Amino acid sequence: MNVVIVNGIDDISNWEGHNQAINSINHELNSRGHKVDCFNILDMNFHYCQGCWDCWTRTPGKCRMKDEGEVYLKALKNVDCLLFFSPVKAGFVTAETKKALDRFVPNALPFINIYEKECHHLERYPKSGKTLGVVLLDDGSISNKSAEIIYNNFTRIQKNMKINKSIRFKLTPNNTEELLNEIINN
Amino acid sequence: MKLSIINGSPRKRTSNSTKILNWIISGLDKTEYDEIEYIAEVKKQDEILDKCKKSDSLLFCFPLYVDSMPAQQKLFFEKMEKYKMDFKGKTISFIIHSGFPEMIQSESLKEYLEMFSTDIMEMNCLGVAIIGGSEALQMAPDQMFSRQINELQSVIRSIEDQTKFPLDINIKINKRDKLTGFQRFIFKINPLKNFYWIYRASKHPFKVNLKDRPY
Ligand SMILES: Cc1cc2nc3c(=O)[nH]c(=O)nc-3n(C[C@H](O)[C@H](O)[C@H](O)COP(=O)(O)O)c2cc1C
């Protein structure tokens, strides 16, 4: 299976243990024969989406930004399991995580159809059986309400990306095995 | 009463958010406000934050980006959280808008914004107004939006009087939460629904295949 990990940590010094946990998940999946692409957004040359629509009407499928976003888009094309790992800041996933979510758009087509009775875009690279996961990095301070709002929001994103399977998880440095099982058995 | 007006669109000055904010500003009469601030100029965020700390009330307008706020807007919220004490008890209001026509697309973001302002910032949230189908602002003259502009008058009044937005404001602006079966049917068979994208692509001097798969 092709796994894409987006690591949305915006301040490594505060998330050392969790960062290691993400790395070990990457490692473990690799050693079990899965192909993993891991994107630590903070360390990458990765710009914010500018909303220019070049990716839909000028250079379809390609972002105007000449940065490492291109590698990310290529990885998304074949993904089976797309996982966003994020601390919770101001009650939501970090701006680093959101940056990667926004840069997903070139992989959608501008064309709209009705999906689950709502308007949604067609996919540029249709593929069935995909999973979208949001893994919150848990330091004991995530309020239930924030977690619920983020999970609900990812349910919306899932509809927009036309992905039907989901993973919702709170990761502490001690429960990586549990998450690994969820990823593999999903 | 001093109001800070913040445009969260990555398209900054040429955005639909700017159009909407100009409708609002043109109705402000007794409120004192500075010029619109564009936080997608990320380097300016700290400076803008300092100005906001000195205001009594904040008004944000930004588009729906992959089901929530644009990342640049989220970064600004993170900065606000660090200076919570400077904002506590002040009023805050939001106008959010989406490319898709239905208001249900924005409801998850609305829920977040209410939680952020009330539970996290301990501010007084006057309301979150949702406008559906905002990409059409690029294509059609303002007159096409006269109904929405008209309903936004009550948002302007709330900001001026520092009172809550009317509870039914979003139903009034958007008419309803979801498309009706009939609207979905019309939508499915409407040959013009993709016109805007095809038209934009045709503006380039080279041929563009909108369904291209470059990777
Ligand atoms: C990266 C990106 C993501 C978007 N995601 C959504 C979305 O999830 N739902 C939606 O209804 N519209 C979405 N839109 C459409 C915008 O909300 C719409 O074009 C809006 O009018 C832009 O406003 P602005 O000019 O003020 O930036 C998205 C646009 C962009 C560029």
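Miscellaneous remarks
- Residues of region A:106-145 satisfying the condition of being within 7 Å of chain B (Cβ to nearest Cβ), assigned to a helix (DSSP H, G or I) and buried (at least 20 other Cβ atoms within 10 Å of the Cβ): none
- Test: residue in region B:83-100 that is within 12 Å of chain A (Cβ to nearest Cβ), surrounded by fewer than 18 Cβ atoms within 10 Å (Cβ to Cβ) and over 23 Å from B:Ser158 (Cβ atoms): yes
- The single residue among A:Gly91, A:Gly133, A:Gly140, A:Gly129 that is away from the ligand (no atom under 14 Å from the Cβ) and in contact with a Leu (Cβ under 8 Å, 6 or more places away or on another chain) turns out to be A:Gly133.
- Test: B:Asn150 is in contact with a helix residue (DSSP H, G or I) (Cβ under 6 Å, 6 or more places away or on another chain) and either surrounded by 12 or more Cβ atoms within 10 Å (Cβ to Cβ) or part of a helix (DSSP H, G or I) (or both): no
- Residues located in region B:39-57, provided they are within 14 Å of chain A (Cβ to nearest Cβ), closer than 14 Å to B:Ile5 by Cα and away from the ligand (no atom under 16 Å from the Cβ): B:Gln45, B:Leu49
- Taking the listed residues A:Asn164, A:Asn185, A:Asn160, the one that is without any contact (Cβ under 8 Å) to a residue 60 or more places away in the chain, buried (at least 18 other Cβ atoms within 10 Å of the Cβ), closer than 22 Å to A:Asn78 by Cβ and not acidic (Asp, Glu) is A:Asn160, with no other qualifying.
Just so you know, all these numbers are worked out from the coordinates, no wet-lab data involved. As the structure is a computational prediction, the values presented were derived from the model and not from experiment. Because the Cβ atoms are built from the backbone with ideal geometry, glycine has one as well, and the counts that use them run over all protein chains shown.
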